[in-house]
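Please read the structure below before turning to the comments.
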Amino acid sequence: MKIRIVVALAALGLCFFPIRSTGRANGAAKAFTAYIYVEVETKVYRKGVEISSENPEERRWYFSNVVEQPEDVPSYSLVKQKFMPYFSRNVMDPFEARGFSLDYGEQDVKVCGETSRANFETRAEAVAEREKEIEYRKGQSGNIYSFELVWGPAKGEETSTPKLIYRDKDQPNYGAPK
């Protein structure tokens, strides 16, 4: 009985302690802003042409710009719900409309590359890590492209604007965007 009275008094006492402000005018907690980039490894070849020594497949990586991680999707669902649909619609579909095939799967889409981090606290950290990943990929036999990841309305290659940032002299380079 005494324990119940002590617990009730303690709970009542907590009502009189002020709640620490979060610094926001409306009292809502400030969300943590995380920064990410996406790496997509692909295989490229001419549509309708059998892959051979005369028509080899091209190994290619696409690296997005650094963006704020969207808060509307859990981080474990970002690849399937955000990145793959965006990449397919704004990079792959326009590229394939020009007579080429670009193949990739879920396992080929990596948030923040090969790092063990899912996101970064600052844009500068994410940019530095992205640059390290690009340098590392230069030794992996493939061409490297950048593309713009834009949350909101996007208009295919007009928005994503893939650009060649590294050309491997031993790889073909099919349908490079202009």
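Where a number appears in this text, it was derived from the coordinates with a stated rule and is not lab data. Here the structure is a predicted model, which means the values were calculated and not measured. Please note: Cβ atoms are built from the backbone with ideal geometry, for glycine as well, and neighbour counts cover all protein chains shown.
P(r) tail, segment 76-128: Cα-Cα pairs separated by more than 13 Å, 67% of all pairs.
Whole number please: convex hull volume per residue, Cα atoms of segment 44-108, in Å³.
98 Å³
Using the alpha carbons alone, the radius of gyration of segment 48-178 stands to its Kirkwood radius in an Rg to Rh ratio of 0.96. For segment 97-109, 3J(HN,Hα) computed residue by residue from phi via the Karplus equation (6.51, -1.76, 1.60; θ = phi - 60°) reads 5, 8, x, 10, 10, 10, 9, 7, x, 4, 5, 8, 9 Hz, glycine and proline entered as x.
Among 69-75, 90-96, 118-124, 79-85, how do they line up by average Cβ neighbours within 10 Å per residue, starting with the highest?
Numbers: 69-75: 12.6, 90-96: 20.0, 118-124: 14.6, 79-85: 16.7.
Descending mean neighbour count gives 90-96, 79-85, 118-124, 69-75.
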